[in-house]
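These notes are about the structure you will find just below.
The values are calculated or read from the model by the stated rules, or taken from the named source; none is laboratory data. The model shown is predicted, which means the values in this text are computed figures rather than measured ones. No Cβ is skipped: glycine too gets one built from the backbone with ideal geometry, and neighbour counts run over all protein chains shown. Heads up: the accessible areas ignore ligands, DNA and RNA and are worked out on the full protein's heavy atoms, side chains in. Shrake-Rupley method; radii C 1.70, N 1.55, O 1.52, S 1.80 Å.
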Amino acid sequence: MEDIVLSRFLRMRFLVALSVFAFSLNALAQHIVKTVQVGNEPRGVAVNPITDSAYVANVQDGTVTVLRHNSVTSTVPVDTLPFVVGVDITTNRIYAAGCNFFTGAGSMVVVIDGRTNKVITDVPLNDFCSLGTQGIAVNPITHRVYVSDYDENQEVVLDGSTNQIAARVDLQGQEPVGVAVDVRSNQVWAALDGPTGRIDILDGATNTLTGTISVGNVFVNDVAINPVTRRVYVTSQDSPSHLFVINEQTQQVITSVLIGTFANSVDVDPLTNLIFVTDAQENILAVVDGRTNTVTGTATLTVPFPAGVAVNPVTQRVYVPGFNSNMMNILTER
């Protein structure tokens, strides 16, 4: 099944090959092609490359902005202040997770139909929240959704087929932040808050904690996985900040790449093997070549404090919302 998902990406890339080629001819380096207005305090962002749609979680507004072909088409009100958003590309369902400080409600996941942009249901995670949900990842093969519940020190596993909680994985008192899933190995990697640089590794088949590694005495924040190369990428917020490159199979750090002063969010294009890292302090998007593990380019962003990043591997567009604004930059990969 994992090969089916990857082959879908390859087929889509073939269908848009001519346009992608034109993009590469016209773009000498990463640059902003469009800036769009979304909601207030946009934080999380996710894309569906099959429908060429992007979804932005607007914390202050309690909404999810929907873009189609890089233009805003809808704004979906949700019953929480969404921090993060994920997409199941095979079911076309969107999952927005957050915490409502205004009402005193706990964390929840709001399930949205990507076809109609209507809320399907709310899935409560707990009765109280302070920092809420800090990460989300979706496996489009198993239709499992992994939500980092910072307040309860757990990774909540949602069954996307039933919209029911399938498991709560105890992280032994550690607060999870960014999380990513490898569709080939069905491994889930969750970064843990704190100065120990820890990442927990979960088995997606059994919903059990199978290992923990550390990249050093640093604060880690976000995780991305390339299922083709089996490389895991972890951002560190320490100054100077780094992107840690990990061999998923051996669970060993291969190298670290100097990014800047506050590397926070990361995403990867498995087809071009490019990794995209935001630096919220320097307001840049850094591009790392997965073959050489070197920074090959940077783009200066016009949105303040970039707090999320998502890449569309078909159109080769990168989406970066600015948390201290109501705007989002759309950039080229190259």
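Structural remarks
- GNM remark for the chain: springs join alpha carbons under 10 Å apart, and the peak mean-square fluctuation among L285, L301, L258 falls on L258.
- Electrostatic dipole magnitude of the chain [Cβ: Lys, Arg +1; Asp, Glu -1; Cα centre; debye, to 20]: 1160 debye
- Low-density loop cleavage sites - trypsin sites (Lys or Arg not before Pro) in the stretch 65-150, where at most 12 other Cβ are within 10 Å (DSSP): R115
- GNM top mover of T255, T294, T116 - the chain, alpha-carbon springs below 10 Å: T116
- For the stretch 218-331: relative contact order, % (alpha-carbon pairs under 8 angstrom, 6 or more apart): 17 percent
- Euclidean distance between Cα centres, the stretch 220-271 to the stretch 79-139, Å: 25 Å
- Each other residue within a Cβ distance under 15 Å of L331 adds +1 if Lys or Arg and -1 if Asp or Glu, for a net charge of -1.
- The stretch 262-320, relative contact order [Cα under 8 Å, separation at least 6], %: 31 percent
- Among the chymotrypsin sites (Phe, Trp or Tyr not before Pro) within the stretch 33-112, those in coil by DSSP and having at most 14 neighbouring Cβ atoms inside 10 Å are F101, F102.
- At a probe radius of 1.4 angstrom, the accessible area of the chain per residue rounds to 38 square angstrom.
- Cα Rg over Rh - the stretch 56-116, Kirkwood: 0.98
- Distance (nanometres) between label positions extended 7 Å along Cα→Cβ at H31 and R230: 4.0 nm
- The stretch 194-289 has equivalent-ellipsoid semi-axes of 22, 17, 11 Å, by the square roots of 5 times the alpha carbon gyration tensor eigenvalues, sorted largest first.
- The percentage of C-alpha pairs in the chain whose separation is greater than 29 Å is 29%.
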